[in-house]
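The values are calculated or read from the model by the stated rules, or taken from the named source; none is laboratory data. Remember, it's a predicted structure, so these values are computed and weren't measured experimentally. When we count neighbours, we look across all protein chains shown, and the Cβ atoms used for this are built from the backbone with ideal geometry, even at glycine. For the accessible areas, the whole protein counts, side chains as well, though only heavy atoms, and no ligand, DNA or RNA atoms are used. Shrake-Rupley method; radii C 1.70, N 1.55, O 1.52, S 1.80 Å.
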Amino acid sequence: MARSHSGGPSGNVPRDVIWIHAEAPSKPALGAPCNGCGVCCLAEPCPLGMVVSLKRHGACRALVWSDEHRQYRCGMLVHPTRYVGLRTLRPDGLLNRLIRRYARRMIAAGIGCDADIEPQTGERAAPSSPSPAAPPPEKR
C-alpha cells in the first residue's frame, strides 16, 4: 500500500511516498498510544534511527515488520545488536538488554504518537526509494 504524506506549513502538498505493509494499522491521532503503524519511521528515521541507518532521510533501516503482531516494531527494541554490527549476540543477552533500555528512552517508547504526518492513500503512487514495508511489484 502506498501512502503519501503532506509536508510543509500548508500541509496540503504531497512531499514523499512511503510504502506501508497492507496489514499495518492506521496511524493513531497525535498523542494517542503508538499502535505500530510505522508511518513515522517509514517517513524518516528518528535521531537513534539516523545513527543505525546512517542516513537522515527515508525509511529507518531498523524498522521491522512483525507478522505475529501485525505491526511494525523498532528493531532497536527487538534485537538491537543486529543494527550495531553485532548480529551473533543472543536477543536476551546483557548487551541487548542494555541497548534496548537506552533505545526505549531515546525513541520515547510509551509516550504516544508524535508524528504530525497525515498519511493519504495513493493508488497510483510510485516509490521514490525502497522501504522495509511491502515493496512494489516487480515489472515483467
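The table for this structure:
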{"quantity": "The range 108-123, residues that are within 29 Å of VAL17 (Cβ to Cβ) and open to solvent by 50 Å² or more (accessible area, probe 1.4 Å)", "calculated": "ILE111, ASP114, ASP116, GLU118, GLN120, THR121, GLU123"}
{"quantity": "Unique residue being without any contact (Cβ under 8 Å) to a residue 12 or more places away in the chain, among the aliphatic types (A, V, I, L, M) and either over 16 Å from ALA24 (Cβ atoms) or surrounded by fewer than 18 Cβ atoms within 10 Å (Cβ to Cβ) (or both) when the list is LEU77, LEU54, LEU95", "calculated": "LEU54"}
